[in-house]
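The values are calculated or read from the model by the stated rules, or taken from the named source; none is laboratory data. Quick caveat, the model's predicted, so the values are computed rather than measured. FYI the Cβ positions are ideal-geometry reconstructions off the backbone, even for glycines, and counts take in every protein chain you see.
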Amino acid sequence: MTASYGAACARVKRARMYALVNPVLALGLLAVAGLLAARLPRPSSTRPPSLDLALTAGAPLVLLGLVLGPGIELLARPLWRALAPLTAFAIGWIGAALGARFEWRYVRRIPRGTWLLAAAGAGAAFLVVALGAWLLARRVPSLAAVWAPRLPTVLGLAAVAAASGPGAVTAVARAVGVAPRLARALSRAAALETAAAALAMGVPLALRHPVAWTVFAVSGGALVGWVCSSVTRRALAGRDLTAPLVGSVLLGAGVGYATDVSPFIVCALAGLVTVNASPRRRELRTTLRAWERPMYAPVLIISGALLALPTVWIIAAVPALQALRIAARWVSTRYARLALPLRDLTPHFGLGTVAQGGTALALAVNYFITYGSGPESPGGGASGMDAGAAVLTTMVLGVALAQLAAPPLMRLAVRAGPAPLTPAPARPELTANAPVD
């Protein structure tokens, strides 16, 4: 009896020690991966552009997460719940970096036709992918079982499909050799489409508590933005703003995570308020951009660790939805540019913003935090986790496929169209550090 009691105590002690060391080890691993993601040089070789861009976008980190998660189960589901606040912080930082792009003095100089063109591309992708996902769930019982709850899943898949990635589009344009003027136009369109996708992601996230969600998202973003602008206004000139920004994003991500709203949207609104209210907006943008790439590391690793394939129909659904997304972007922008004063753009301009990157993955993981992170999520328990992981897998595979298809589509997008009769009007960038053409 004494021996069995001692053995049981030893097992409990080992379990407690494992529960303590495992999160610390995982946290250190994520921190090291983030630093390496920022420090490692970008690959330069004679490999195909799609492969080089996949490596640059963080495919090795997703594979690392796949090994640490389903492979050796270091990042198991209980540990994921322990690291969920850290993931929410990384998502919030990415959202704040997106919101900081939209400074009013630059945004107001963007022609109305550019806004309408970006809205047409993102809106068409959202509607077509939502319809396609709904029909697939109706026709394939296996997908209907794992894409649950159905309406939020369909809207979440459509919102991620509507997103682009300014950084990813810029990287693809650089790899393909696009002219700087057109590359800046593509990056600007990608930023506008991503902002529209973030708003669209608010629809499935708000289905659980529509009024409370809207109140907490708007008030939380405004509060965090006011706090951040006040702190930076009082900071001494020349002082590093990393600490105030970290504290502000922690506050915004905490508000979004604790209230079950959205860390991405709360921090994006906070970044929008801060960059327009703070006198040190240039330093704020520079700091956010400097740490944006390391913040992608935890998102990429967690995305890989949560991958699951409960049905092979997901493999068939991903290229079908991605094909619908690409076709919708191409058709909508091709004909919208004819109705708008933007005929100087190439006919296939819509294919230039196919690349998505880490911002779309941040929206996907944000969806998983709400609908698949634990027993409190719809469906509850293991079934809720499995359904959320299946939806997240569909989103992650779709982003990966978009990244692989982006270089050839970018080459098609930059093919010269009819030459304009007059020089194109000047269009501003969304960032102050880039030249305005």
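Of note:
- Comparison of THR333, THR346 shows that the only residue that is crowded, with 21+ Cβ neighbours inside 10 Å, among the hydroxyl-bearing types (Ser, Thr, Tyr) and within 22 Å of TRP115 (Cβ to Cβ) is THR333.
- For ALA97, the requirement of being of a type in the set (Gly, Ala, Ser), under 19 Å from VAL299 (Cα atoms) and modelled with pLDDT of 85 or more is met.
- Subset of the range 264-281 [at pLDDT 90 or above and either of a type in the set (D, E, K, R) or buried (at least 24 other Cβ atoms within 10 Å of the Cβ) (or both)]: PHE264, ILE265, VAL266, CYS267, ALA268, LEU269, ALA270, GLY271, LEU272, THR274, VAL275
- Being at pLDDT 85 or above, in contact with a Phe, Trp or Tyr (Cβ under 8 Å, 6 or more places away or on another chain), among the aromatic types (Phe, Trp, Tyr) and at negative phi is a property that TRP104 lacks.
- Filter pass, GLN356 being within 24 Å of ILE301 (Cβ to Cβ), of a type in the set (S, T, N, Q) and modelled with pLDDT of 95 or more: no
- Condition check for VAL275: hydrophobic (A, V, I, L, M, F, W, C), touching a Lys or Arg at 6+ places or on another chain (Cβ under 8 Å) and farther than 21 Å from ALA163 by Cα: yes
Conditions (1) over 23 Å from SER303 (Cα atoms); (2) surrounded by fewer than 22 Cβ atoms within 10 Å (Cβ to Cβ); (3) among the hydroxyl-bearing types (Ser, Thr, Tyr), marked per residue:
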| residue | (1), (2), (3) |
| --- | --- |
| PRO78 | no, yes, no |
| ILE91 | no, no, no |
| TRP104 | yes, yes, no |
| ALA119 | yes, yes, no |
| LEU135 | yes, yes, no |
| SER164 | no, no, yes |
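- The sole residue among ARG181, ARG233, ARG188, ARG208 that is in contact (Cβ under 8 Å) with a residue 24 or more places away in the chain, closer than 19 Å to TYR367 by Cα, out of contact with any helix residue (DSSP H, G or I) (no Cβ under 6 Å at 6 or more places or on another chain) and not aromatic (Phe, Trp, Tyr) is ARG208.
- Test: residue in the range 98-108 that is out of contact with any Pro (no Cβ under 8 Å at 6 or more places or on another chain) and either closer than 16 Å to THR394 by Cα or among the polar types (S, T, N, Q) (or both): no
- Selection from the range 53-69 of residues that are surrounded by 21 or more Cβ atoms within 10 Å (Cβ to Cβ) and within 12 Å of PRO298 (Cα to Cα): GLY58, LEU61, VAL62, GLY65
- Only one of the listed residues (ARG208, ARG174, ARG181, ARG138) is modelled with pLDDT of 90 or more and among the basic types (Lys, Arg). That residue is ARG138.
- For the range 230-245, the criterion of being under 30 Å from PRO149 (Cβ atoms), aliphatic (A, V, I, L, M) and either in a helix (DSSP H, G or I) or over 23 Å from the mean Cα position of the chain (by Cα) (or both) is met by no residue.
- Yes/no for PRO341 being surrounded by fewer than 18 Cβ atoms within 10 Å (Cβ to Cβ), out of contact with any Phe, Trp or Tyr (no Cβ under 7 Å at 6 or more places or on another chain), more than 30 Å from GLY69 (Cα to Cα) and not aliphatic (A, V, I, L, M): yes
- Screening LEU340, LEU363 for residues that are among the aliphatic types (A, V, I, L, M) and at pLDDT 90 or above leaves exactly one candidate, LEU363.
- Qualifying residue in the range 157-164 (condition: among the β-branched types (Val, Ile, Thr), at pLDDT 90 or above, under 15 Å from ALA198 (Cα atoms) and in a helix (DSSP H, G or I)): yes
- Criterion violated by ASP260 - all others in (1) among the acidic types (Asp, Glu); (2) in a loop (DSSP other than H, G, I, E, B); (3) over 20 Å from TYR367 (Cβ atoms) satisfied: (3)
- Among the criteria (1) part of a helix (DSSP H, G or I); (2) within 16 Å of the chain's Cα centre (by Cα); (3) among the polar types (S, T, N, Q), the one THR114 does not fulfil is (2).
- LEU269 more than 18 Å from the chain's Cα centre (by Cα) and on the phi < 0 side of the Ramachandran plot: no
- Annotation: of all residues in the range 391-419 being more than 24 Å from ARG293 (Cα to Cα) and crowded, with 24+ Cβ neighbours inside 10 Å, the one that is modelled with the lowest pLDDT is ALA413.
- Checking VAL169, VAL203 one by one, the residue that is of a type in the set (Val, Ile, Thr), over 30 Å from PRO310 (Cα atoms), outside any loop (DSSP other than H, G, I, E, B) and within 17 Å of the chain's Cα centre (by Cα) is VAL169 and no other.
- The set of residues in the range 296-316 that are buried (at least 24 other Cβ atoms within 10 Å of the Cβ), among the small types (Gly, Ala, Ser) and over 16 Å from GLY372 (Cβ atoms) contains only ALA297.
- Filter result for ALA196 (more than 14 Å from LEU363 (Cα to Cα) and either in a helix (DSSP H, G or I) or touching a Phe, Trp or Tyr at 6+ places or on another chain (Cβ under 7 Å) (or both)): no
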